[in-house]
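*Asks:* Before we start, here is the structure in question, set down as structure tokens.
Nothing in this text is a laboratory measurement; each read-out follows from the coordinates by a stated rule. Everything numeric in this text was worked out from a predicted model, so none of it was measured. No Cβ is skipped: glycine too gets one built from the backbone with ideal geometry, and neighbour counts run over all protein chains shown.
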Amino acid sequence: MAARLPSWAWVTGLTAGATAAVVALAVQADHGPHPTAAVVRPSASASPHAHAPESPQHSAPPALPESSGQGRRIVYSLSEQRVWLVDATGKAARTFTVWPGTVSPQPGRYSITLRTQSLKGSDGVEIEHVMYFTKASGVNIAFSNALDGASPPPAEGKKLGGIRLHKADGAALWSFGERGVTVAVVK
């Protein structure tokens with residue numbers, strides 16, 4: 001007949017086993033990939049002149065282009081690859097960088113014509129906060145962000161009109177840019 005272990009021995013054995021598993025998982029996590037810190041961006045209520053860090057150099061964001069019009073509008077700079085959300089007083093309430101598609105709109109004045117909460121982009125990426133404002137070379141041009149927050153993959157020779165944003169910036173633009181809001185595209 002086999003000897004029977006006391007109940008405290010079972011508890012001690014199980015505790016030791018669980019502790020070993022936790023230590024092994026901690027060692028694995030310590031040697032695994034480490035995400036980088038997120039870039040801090042100004043909030044929708046931040047002053048356009050706030051010195052919030054946006055790049056490793058902690059430089060202030062570029063000023064709103066003077067030739068972008070007046071009043072409440074979305075300003076998209078092709079050369080800066082940047083968007084400004086401009087309030088009714090003409091002050092930039094928020095600015096952020098974007099990833100342009102392979103097809104760009106011509107400089108000019110447009111307006112948001114269609115808003116779609118979410119869909120699959122022409123590049124196969126699930127996107128949200130889709131805001132169409134023009135067509136160029138037969139391609140619809142729209143702002144959007146990837147549903148999972150990832151940056152877009154290389155276009156691989158496709159004609160794409162999606163101007164992609166970081167997830168938080170996409171949500172801010174969605175809140176700001178109802179149908180009919182002006183989109184000023186500048187060089």
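*Asks:* Treating the beta-carbon of each Lys and Arg as +1 and of each Asp and Glu as -1, no other charges, what is the dipole magnitude of the stretch 121-187 about its Cα centre, to the nearest 20 debye? Please report the intermediate quantities before stating the final value.
*Replies:* Values: 7 positive and 7 negative charges, 68 e Å.
Rounded to the nearest 20 debye, it is 320 debye.
*Asks:* Additional query: Quick one: of Lys120/Lys187; Lys135/Lys167; Lys120/Lys167; Lys135/Lys159; Lys158/Lys187; Lys167/Lys187, which pairs are farther than 19 Å apart, Cα to Cα?
*Replies:* Numbers: Lys120/Lys187 29 Å; Lys135/Lys167 24 Å; Lys120/Lys167 16 Å; Lys135/Lys159 12 Å; Lys158/Lys187 23 Å; Lys167/Lys187 25 Å.
Listed pairs above 19 Å: Lys120/Lys187; Lys135/Lys167; Lys158/Lys187; Lys167/Lys187.
*Asks:* Right, another one. Could you work out how far the C-alpha centroid of the stretch 61-83 sits from that of the stretch 129-187, in angstrom?
*Replies:* Going from one Cα centre to the other spans 15 Å.
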